[in-house]
1. Can you name the condition, by its number, that Cys154 falls short on among (1) open to solvent by less than 10 Å² (accessible area, probe 1.4 Å); (2) out of contact with any strand residue (DSSP E or B) (no Cβ under 7 Å at 6 or more places or on another chain)?
2. Looking only at the stretch 4-54, count every residue that is farther than 19 Å from Ile325 by Cβ and in a loop (DSSP other than H, G, I, E, B) and tell me the total.
3. Can you say whether Gly211 is open to solvent by 10 Å² or more (accessible area, probe 1.4 Å) and under 13 Å from Leu308 (Cα atoms), as far as the supplied structure shows?
4. For residues in the stretch 157-196 being within 21 Å of Trp231 (Cα to Cα) and hydroxyl-bearing (Ser, Thr, Tyr), which is farthest from the chain's Cα centre (by Cα)?
5. Are there helices (runs of 4 or more DSSP H) fully within the stretch 247-333 with at least 3 residues that are within 22 Å of Lys199 (Cβ to Cβ)? List them.
6. Identify, from the list Gly265, Gly245, Gly179, the residue that is touching a strand residue (DSSP E or B) at 6+ places or on another chain (Cβ under 9 Å), of a type outside the set (Ser, Thr, Tyr), closer than 30 Å to Asp45 by Cβ and at pLDDT below 95.
7. Among the residues of the stretch 309-320, which ones are open to solvent by less than 10 Å² (accessible area, probe 1.4 Å) and in contact with a Leu (Cβ under 7 Å, 6 or more places away or on another chain)?
8. Specify which of the listed residues (Phe10, Phe4) is hydrophobic (A, V, I, L, M, F, W, C), surrounded by 19 or more Cβ atoms within 10 Å (Cβ to Cβ) and over 20 Å from Leu152 (Cβ atoms).
Amino acid sequence: MSSFMRAAIFEGNGILSVKDVPIPMLQKPDQLLLKVEAASICGSDLHGLSVPPGQYMKPGIIYGHEFCGIVTEKGSAVSGFSLGDRVAVNPRVRCGTCYECTHNKGDLCSNSYHYGQTGDGGFAQYALVEAKQLYHVDKAVRSEAAAQAEPLACVMNAIHVAKPTPVDHVLLYGAGPIGLTFIRVLKLFGIHNLIVTAKGARRVQEAYNCGADIVVDTEKQSVEAVMKANWQYGADVVIDAVGRGAILPEALPLMNPQGRLILFGLDTNALSTVPPSLFTLNELSICGVLGKDFPAAMEMLKRKDLGLEQFVTHRLALDDILEGIALMRSKQACRVIIFPNDMG
């Protein structure tokens, strides 16, 4: 085996380059080396490549935090994993000593190390990971679905916070990869009244294909007008899977009293101005969500009716990753899966 591999390196200032770099070697007894099966391009990857960046990414690291792989080497202290095992990766490595980690809030660790953002990630032929970050992937789960374990884990955490019930009316902002994942999960949770916002005919159709009951094309329609035409009342749950500042002031008046607003999408450049009285007068709840529920995600991946593969629009080799990013930016692609070794 060659001592070099192909990897996508974040150069800073919006630049991502695919080049040859040394294959990483085990440095600690609790580490494993993975041959990356598949890696998914995330919306936050696009934010990190914006100028100015919408999220911080450390220059010089291997990009990509949504990935799965096969164990090819393991350290002497690793137990529970064998060579050849297929695994999904939780990219957020907790420090274990900060306030958050020692007070059962580890997903918000203030000193975390993050594969693909502050440390080397999965847009490479091989990736070095810690055993505590891995989850076994069922043999029946395809690699392009397993690569989406991380965003699915984020969605599952948000669902647990939102606590939707089959009788709730849910308004979901966004029909990108995360929004479509929310649709599939909400449907499996028995949600029958679901309005989704999308921008453009392509996104509208993708949302309908994933099971949305009503889709608002925000290029042509008003969310409020569509809601009033189809629902007697407002929304019990609103999920913002976009993270743009304009959504919050629009969504609040559309909520039923004691409604729950979930802020999922993240763009650190976004700002909102809202009247605090709306929260008091209607007893609204607002909650930001950042955590990941990997055990729930791995169980959901076993379900044949989850259907994450159905909105994978492009499957590309690692050397074509810039094409995939451009397709996502132009809204010509939804979920793009990168195969650093063999095309799945």
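1. Here Cys154 meets the rest and fails (1).
2. Residues in the stretch 4-54 being farther than 19 Å from Ile325 by Cβ and in a loop (DSSP other than H, G, I, E, B): 8 in total.
3. Criteria met by Gly211.
4. Checked the stretch 157-196; the qualifying residue farthest from the chain's Cα centre (by Cα) is Thr165.
5. 247-251, 321-329
6. So the residue among Gly265, Gly245, Gly179 that is touching a strand residue (DSSP E or B) at 6+ places or on another chain (Cβ under 9 Å), of a type outside the set (Ser, Thr, Tyr), closer than 30 Å to Asp45 by Cβ and at pLDDT below 95 is Gly265.
7. Passing the criteria: only Phe311.
8. Phe10
The values are calculated or read from the model by the stated rules, or taken from the named source; none is laboratory data. None of the values given here were measured: they were computed from a predicted structure. Note: ideal-geometry Cβ built from the backbone for every residue, glycine included; neighbour counts use all protein chains shown. Side chains included, ligands, DNA and RNA excluded: accessible areas come from the protein's heavy atoms. Shrake-Rupley method; radii C 1.70, N 1.55, O 1.52, S 1.80 Å.
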